[in-house]
Amino acid sequence: EITSLLSLYGGQFSGQQEIHVNSPFWILNIPSEEMARGLMKRTVCAKSIFELWGHGRSAGELYASLKNYPRDKMLPYLQPESTYKVHIHTFNKTLTQAQKIKKIDALEFLPFNGKVNLKNPEHIFWILEDYGMDPNNVPEEPFDLYFGRWIADGQRELIESYSVKKRHFIGNTSMDACLSFIMANHGRVKPNDVVYDPFVGTGGLLISSAHFGAYVCGTDIDYNTIHGLGKASRKNQKWRGPDENIRANLRQYGLEKYYLDALVSDSSRPVWRKGMLFDAIITDPPYGIREATRRTGSQKESVKSAERSTENHIFISSNYHLSDIFFDLLKFAAEYLVMGGRLVYWLPIYRPEYTEEIIPRHPCLKLVSNCEQMLSSHTSRRLITMEKVKEFKDQDQSSYFLDDQYMPYRGHNSFREKYFSGVTKRIAKEEKENQK
């Protein structure tokens, strides 16, 4: 998430970052404080950002680093008429108040000329100490110490204010608010973008994009879900109410002006005219038993079923193999994304058999990131982010590549189709066991 936002707002990780891979504290190189504030207006993963004045592996190294920090950069925040306070935060260790005061007093060599104001200071300074990631093996002294001026906090409060528990319209698999915002940030969604979700469901992923000022739309094969009809997913509620729909959700958060529309459509069938381009495609394809994978079919297909809605809307649907879902999704993204636009989606995997080879590829899309979220000891899902780097041409519509060689992706004998068929069965089995 941070890497995606840095590419949007400017900045990069410092050269030291690889040394501190397991640290909760990251050092970034950002050209300006304005860019740093822009970053923190988006992130739900980072808690705060500071202007780093000093850093060391010991208290002595920290103090030496602070003494070498240019005075002309310190003095604007230490003027006699200013007010300030100093916080101390320790990761993986709790200090007594007396220990905290002792550490703060040790900074008396800094030219603090202002007055202390603990309630409403103009400037806030932090001492940050890293005691590692192992709660069962906490060292006496920290591995790293930092001192800096607080600039801004992240958007962690969005997780609570957009909680699915408080949402007007929900489904069985409505996306967690935190993950929705992370996906929007991976997609580098910005104001006036057009964001599309081909498996929109109850529209949870549209909300996070709309919050960042993007115009949102989506499609789904489920007529009842799009129109807010049928059985409710909320506990102690049998049927959906008259105003339970995607538009009502956006209205709930004051985002209705960003809502374009949601259509009943099969993602495997082309419905958009050529040249209709999206800035980002952010989606969670269906898998498992709570959200069936279906697509429109015909009477001639061997596997078929008629589904009837409360509005007498009838269509024939057939099974939609998970491997085909990803084939169609990447092909659609390659054709309809703007150049540099991003596709962000979840890929279910069976961990004991997972290899990088099963990740779907397309010659027009570059893999940007691949992040794992554990679901159980054997299953997980990976948040895949891809960026369009090449214009789509007709010869690109049926080829995927593996090990840098183009090869067909469809077909019942393909490695990926067998793999994803197994993943679907295992997830369905675990869901049934969890329901019991």
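Of all the residues that make up the stretch 347-364, how many are open to solvent by 10 Å² or more (accessible area, probe 1.4 Å), out of contact with any Lys or Arg (no Cβ under 7 Å at 6 or more places or on another chain) and of a type outside the set (Ser, Thr, Tyr)?
Going through the stretch 347-364 one residue at a time, the tally reaches 6.
All but one of (1) buried (at least 16 other Cβ atoms within 10 Å of the Cβ); (2) at pLDDT 95 or above; (3) not in a helix (DSSP H, G or I) hold for GLY213; which doesn't?
(1)
With the checklist (1) assigned by the TED database to the domain that holds LYS41; (2) surrounded by 22 or more Cβ atoms within 10 Å (Cβ to Cβ) in hand, flag the one item ARG188 doesn't pass.
(1)
If you take the residues in the stretch 336-388 that are among the basic types (Lys, Arg) and in a strand (DSSP E or B), which one is farthest from GLU433 (Cα to Cα)? I'd like the intermediate steps shown before the answer.
Step one: list which residues in the stretch 336-388 are among the basic types (Lys, Arg), which gives 342, 351, 361, 366, 381-382, 388.
Now drop any that are not in a strand (DSSP E or B), which leaves 342, 366, 381-382, 388.
Numbers: ARG342: 36, LYS366: 37, ARG381: 19, ARG382: 22, LYS388: 40 Å.
Selected residue: LYS388.
Look through LEU277, LEU260, LEU250 and report the one residue that is open to solvent by less than 20 Å² (accessible area, probe 1.4 Å) and under 24 Å from the mean Cα position of the chain (by Cα).
Among LEU277, LEU260, LEU250, only LEU250 is open to solvent by less than 20 Å² (accessible area, probe 1.4 Å) and under 24 Å from the mean Cα position of the chain (by Cα).
Output the number of the condition that VAL344 fails; it satisfies all remaining conditions of (1) in contact with a strand residue (DSSP E or B) (Cβ under 6 Å, 6 or more places away or on another chain); (2) surrounded by fewer than 14 Cβ atoms within 10 Å (Cβ to Cβ).
Checking VAL344 against (1) in contact with a strand residue (DSSP E or B) (Cβ under 6 Å, 6 or more places away or on another chain); (2) surrounded by fewer than 14 Cβ atoms within 10 Å (Cβ to Cβ), the one that fails is (2).
Could you tell me which residue of the stretch 365-388 is surrounded by the most Cβ atoms within 10 Å (Cβ to Cβ), considering only residues that are of a type in the set (Gly, Ala, Ser) and at pLDDT below 95?
SER380
Output yes when any residue across the stretch 107-119 is more than 30 Å from MET183 (Cα to Cα), in a strand (DSSP E or B) and modelled with pLDDT of 95 or more, and no when none is.
Yes, the stretch 107-119 has at least one match.
Checking PHE169 against (1) in contact (Cβ under 8 Å) with a residue 60 or more places away in the chain; (2) closer than 26 Å to GLU1 by Cβ, which single condition isn't satisfied?
(2)
Show the residue pairs meeting these rules: Cβ distance below 7 Å; 6+ apart or different chains; first residue within the stretch 342-359 and farther than 10 Å from ILE384 by Cβ; second residue open to solvent by 10 Å² or more (accessible area, probe 1.4 Å) and part of a loop (DSSP other than H, G, I, E, B).
Here the result reads ARG342/ARG188; PRO348/TYR287; TYR350/HIS378; ARG351/HIS378; PRO352/HIS378, each pair linking the stretch 342-359 to a residue that is open to solvent by 10 Å² or more (accessible area, probe 1.4 Å) and part of a loop (DSSP other than H, G, I, E, B).
So SER82 ticks every box in (1) surrounded by fewer than 15 Cβ atoms within 10 Å (Cβ to Cβ); (2) over 36 Å from the mean Cα position of the chain (by Cα) but one. Which box is left unticked?
(1)
Give me the pairs: first residue in the stretch 221-248 and part of a strand (DSSP E or B), second residue charged (D, E, K, R) and open to solvent by 40 Å² or more (accessible area, probe 1.4 Å), beta-carbon distance under 6 Å, and six or more apart or on different chains, which are they?
none
Going through GLY60, GLY38 one at a time, which residue ends up being out of contact with any strand residue (DSSP E or B) (no Cβ under 7 Å at 6 or more places or on another chain), in a helix (DSSP H, G or I) and open to solvent by less than 40 Å² (accessible area, probe 1.4 Å)?
GLY38
With the structure loaded, tell me whether GLY15 is surrounded by 17 or more Cβ atoms within 10 Å (Cβ to Cβ), at pLDDT below 95 and not assigned by the TED database to the domain that holds HIS211 or whether it fails that test.
Considered against the rule, which asks whether it is surrounded by 17 or more Cβ atoms within 10 Å (Cβ to Cβ), at pLDDT below 95 and not assigned by the TED database to the domain that holds HIS211, GLY15 comes out as no.
Looking at the stretch 104-122, which of the residues that are open to solvent by less than 60 Å² (accessible area, probe 1.4 Å) and touching a Leu at 6+ places or on another chain (Cβ under 8 Å) is nearest to THR83 (Cα to Cα)?
That would be GLY114.
How many residues, within the stretch 278-304, are modelled with pLDDT under 90 and assigned to a loop (DSSP other than H, G, I, E, B)?
Residues meeting the conditions: 16.
So GLU391 fits all but one of (1) assigned to a strand (DSSP E or B); (2) at pLDDT below 95; what number is the exception?
(1)
Do any residues in the stretch 75-88 that are hydroxyl-bearing (Ser, Thr, Tyr) have Cβ atoms under 6 Å from those of residues that are surrounded by fewer than 16 Cβ atoms within 10 Å (Cβ to Cβ), where the two are at least six apart or on different chains, and which pairs are they?
Matching pairs, first to second residue: SER82/GLU122; THR83/LYS115; THR83/ASN117; THR83/GLU122.
The values are calculated or read from the model by the stated rules, or taken from the named source; none is laboratory data. Since we're looking at a predicted model, the values are computed, not measured. Don't worry about glycine lacking a Cβ; one is built from the backbone with ideal geometry, like all the others, and counts go over all protein chains shown. We work out accessible area using only protein heavy atoms, side chains counted, and drop any ligands, DNA or RNA first. Shrake-Rupley method; radii C 1.70, N 1.55, O 1.52, S 1.80 Å.
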